[in-house]
Each structure stands twice: as C-alpha cells, then as structure tokens.
Amino acid sequence: MRILNVVGARPNFVKIAPLMAEYRKYKEIEPILVHTGQHYDDAMSNSFFEELEIPQPDVNLEVGAGTHAVQTAEIMKRFEPLISEYNPEIVAVVGDVNSTLACALVAAKLRVRVAHVEAGLRSFDRGMPEEINRILTDALSDFLFVTEPSGLDNLKREGVSPDKIFFVGNVMIDALMRNFSKIQKSSIVSTLGLTDKGYALITLHRPSNVDRPETLRRIFGVLRAIGQDMPVIFPIHPRTRANIRKFGLFESGDARDASFSRNGHGVQLLEPVRYIDFLTLMRSAKFVLTDSGGIQEEATVLRVPCLTMRQNTERPVTVEVGANVLVGTDPEDVLDAVRQVSNQPLPPYEMPLMWDGHAAERIVRVLIRQAKWIASETIAA
Ligand code: UD1
C-alpha cells in the first residue's frame, strides 16, 4: 500500500513524525513523504526533521509564502502530477493548514482516498482560515481520524457516515511522549538564565491577534505588565516578527531587541525555538499564554496552565478537563487570569481519552485493514 503523506507547516511535522515511524513496522506499507514548502526556514522546518527523526521528504514542492489563494493554488498545481507519478492508494493529510486542504482537494478529485489525521475539530469561527480548511478537508476525506470527543459530535452533526470516522487519540501527544526523555535533558531553561516555574512562555501568531497594529500593541502592553513580575519568554513566529517590524513596536523589530523592565524581568523576544527546547520551556513555565492550537494540547499533557488568547477553541477537551482557559485579548481579562494561575496550582485532572502515545499505531492499523478491503474490492471488480 503506497501512502502519500503531506506536510507543509510547522505543526504538521510534529504530527507526521509518529506516523512515519509507525509505517516502518509494516513491510506492506510504502510511505512517500511530500513537503509542500509552505514553511521553509531552518527554524520552522529543517530543525523539526532533524529532532523528530523524520526521513527527508521524497519531494519538496517549494511553494513558499503567498496569499491564501496563491499558496493553496500553487500547492495544488505542484501536487497534482505526483498522483499520477506515484499512484498512491491513500493520501494522508494532517492538521488544518493550507497544505492540508490543497492536497486533500487534489487527491479527492483524482479519486484517491484521503485520510485526515486530526479530523472533526471545529472552532465555529470562519474568521480563522484553519476552520475553513478543517471543514473542507473533512468533507473530502474517506478516513477521518479524530483526537477528542467533540470531533465525533461535530462530524456526526455534519452528516459524515460513521463508518468513515475513527476515534484514535492524538499524534501530537505521541510525538511528545516519544521525546520525553530528551525534553528532560535539555538545558535551555538554565541557558536562558531562567528558573523552574519562574517565567511565562508566550506564543502568538494568529492573524486575528498579530495582523492589526492596535491589537498587537495592546497585547504587548499585557506582556509588559506580566513582565513586571516575572520574565516573559516569547519565541517569535515569522508572521509576528514581520508585523512587529512593520508596526514599529520595537525599534528595529529585530528579535535581538528585548524590552527589560527595571527589575530585570520584562519581555524577551527569541527566534523560533526548536521542538525539544520549546517543550522543555513549556514544561518549566509558570504558565503558557498562546493562540496556538497544538500548544493547548501539549500544555494539557505537561500539566502546565494554559491561557488561550482567543474567544474560542477547536480543542474544547483541554478546557473541559481544566487545563486550559480561554482568556480573549482584553488586557484586564488576561491579567486577571494570569493572577489566578500564578497564585493557584492546577487542580488534578484526567488526561483526555486516548492521549496515551499510541494514536499512530491505531491509525496505521485502520489503514492496513482498509487497504485489505480496498484490494479485495478491486479484485472483485
Ligand atoms: C501557518 C498555518 C497555521 C499554523 C502556522 C504554524 C495556514 C492557513 N496557517 O500559518 O494554521 O498554525 O502555520 O506555524 O496554513 N514565513 C517565514 N518562514 C517560514 C514560514 C513562514 O518567513 O518558514 C513567513 C511567510 O513568508 C509568511 C508568514 O511567515 O509571510 C506566514 O506564513 P504562512 O505559512 O502563510 O502562515 P502561518 O502564519 O505560518
């Protein structure tokens, strides 16, 4: 069974790593890895391949940046010939980025079965490009691998046939668990002069938070206020860095700039951090303040309080278990939540169902079973 696996942007690399490792256990599977090139910097791409021991891509489509239409169309144009070249039984896509939708659409039109890993998540906010990618990719998919109960409800409500839906757990958590011993060995916390539970970790890159000057300026006001009490560590995504520079929020907008308050804390901007170092920074943080999707899940498993700077989440299980709070972007609300998590430890909670490090095993078992069924169907025809 030949499976064409698609990755494009940073969170995809984390999700594909456990699957590529699992495929190796089955001699009947021939995995092909396609990198669309949506993310291309060393820090956003290569370092993940190295650390997560992902094999080098068989093909790199090198699409780079563009508007949504240009990026999606360019991926589709460059991906389409690969279907006739490799003639795969299945195209596997992960997550919700433009590469996910583009390749699912190409495969579905060429009648190749699509497997979507991380199906069913919904924020119910079409202002998020990822929400549109999620809805459309699920509508095109033949195998929908679901991470949390809300995904089952959403797909059922949208009328997806139950025999296409598989509740398997979370491959991002597989990756975390596989790398846990390395996380324990990283020295990034002391290298940055930080102490365990003595700092806040920030990540922000959603267009709704970083693309407008007044919003980003207001958010930096919040970060500086937190920085009065503890160091604020902020690895900067390229989109956010470009906007900081464009809006003149720091003198040069350069990641070397740091705004230290008088007590020596303040906001420290870093280049994007490698996978292992990032998880180490998260594990030792007092709390993480983020607008990312995957970080809400990783913080839940690391038992680090997560404050999500959004009005909604497509990962409600993280809120339901008590690990994650949606704080929006109103400065008073964010600072209130910061005070709460700074003063109270997280209450004990149970991990979401099947976030146990074995999701990739379950996914590949389903694909093998389906491949046998596909083969028998072809012979009968
Ligand atoms: C994309 C995903 C988002 C995901 C995020 C993770 C979509 C719609 N969005 O957003 O869901 O959470 O990745 O990081 O697919 N850039 C670089 N170097 C890189 C990559 C990007 O400089 O390696 C720049 C691009 O030139 C572009 C900007 O960052 O100007 C945004 O990149 P893009 O891939 O369009 O979207 P992200 O904001 O990264």
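Assorted remarks:
- Charging the Cβ of each Asp and Glu at -1 and of each Lys and Arg at +1, and nothing else, the dipole of the chain about its Cα centre rounds to 160 debye.
- ASN87/MET177 FRET efficiency (R0 41 Å; Cβ-Cβ; nearest 0.05): 0.75
- For the options ARG134, ARG178, ARG212, a Gaussian network treatment of the chain with springs between C-alpha atoms closer than 10 Å singles out ARG212 as fluctuating the most.
- Range in the chain, longest, excluding exposed chymotrypsin sites (Phe, Trp or Tyr not before Pro) [loop by DSSP; at most 14 other beta-carbon atoms within 10 Å]: 125-259
- Taking a Cβ cut-off of under 13 Å around ASN133, the surrounding Lys, Arg, Asp and Glu residues balance to a net charge of -4, with basic ones at +1 and acidic ones at -1.
- With the simple model of a label 7 Å out from the Cα in the direction of the Cβ, ASP153 to ASP196 spans 3.7 nm.
- Between the C-alpha center of the range 1-43 and that of the range 177-242 there is a gap of 28 Å.
- Counting Lys and Arg as +1 and Asp and Glu as -1 over every other residue whose Cβ lies under 15 Å from the Cβ of LYS182, the net charge comes to -2.
- For the range 68-112, the set of trypsin sites (Lys or Arg not before Pro) satisfying both a DSSP loop assignment and a count of at most 15 other C-beta atoms within 10 Å is given as ARG111.
- Mean ellipticity per residue at 222 nm, deg cm²/dmol - from DSSP H runs of n ≥ 4 across the chain, formula -39500 (n - 2.57): -13500 deg cm²/dmol
- Label sites at VAL319 and ASP163, each approximated as a point 7 angstrom past Cα along Cα to Cβ, lie 3.6 nm apart.
- Normalising the average separation of contacting C-alpha pairs (under 8 angstrom, six or more residues apart) by the number of residues puts the relative contact order of the chain at 15 percent.
- Residue with peak Gaussian network fluctuation, the chain [Cα springs, cutoff 10 Å], from LEU155, LEU279, LEU82: LEU82
- Scaled against 2.2 N^0.38 Å for its residue count N, the alpha carbon radius of gyration of the range 191-230 is 1.39.
- In this structure, the residue pairs whose Cα-Cα separation is over 30 Å, taken from LYS77/LYS182; LYS27/LYS156; LYS25/LYS182; LYS164/LYS286; LYS25/LYS286; LYS109/LYS182, are LYS77/LYS182; LYS27/LYS156; LYS164/LYS286; LYS25/LYS286; LYS109/LYS182.
- Among the GluC sites (Glu not before Pro) in the range 107-182, those placed in a DSSP loop whose Cβ has at most 14 other Cβ atoms within 10 Å are GLU158.
- ASP336-GLU62 FRET efficiency (beta carbon distance; Förster radius 51 Å; 0.05 resolution): 0.65
- Dimensions (Å) - the chain, Cα atoms, principal axes, largest first: 75, 42, 39
- Proximal aspartates and glutamates to LYS372, defined as alpha-carbon separation beneath 20 angstrom and excluding residues fewer than eight positions away on the same chain: GLU22, GLU28, GLU30, GLU89, ASP142, ASP163, GLU361
- At most 14 other Cβ within 10 Å, DSSP loop - GluC sites (Glu not before Pro), the range 310-381: GLU350
- In order through the range 275-285: 3J(HN,Hα) via Karplus (6.51 cos²θ - 1.76 cosθ + 1.60), integer Hz, x for Gly, Pro: 4, 5, 4, 5, 5, 5, 4, 5, 4, 8, 6
- Calculated FRET value between ARG212 and ARG126, using beta carbons and R₀ = 25 Å, to 0.05: 0.90
Taken together, the values in this text are just the output of simple stated rules run on the coordinates, not laboratory data. Owing to the predicted nature of the structure, the values given are computational and were not obtained by experimental measurement. Methodologically, a virtual Cβ is constructed for each residue, glycine included, from the backbone with ideal geometry; neighbour enumeration extends over all protein chains shown.
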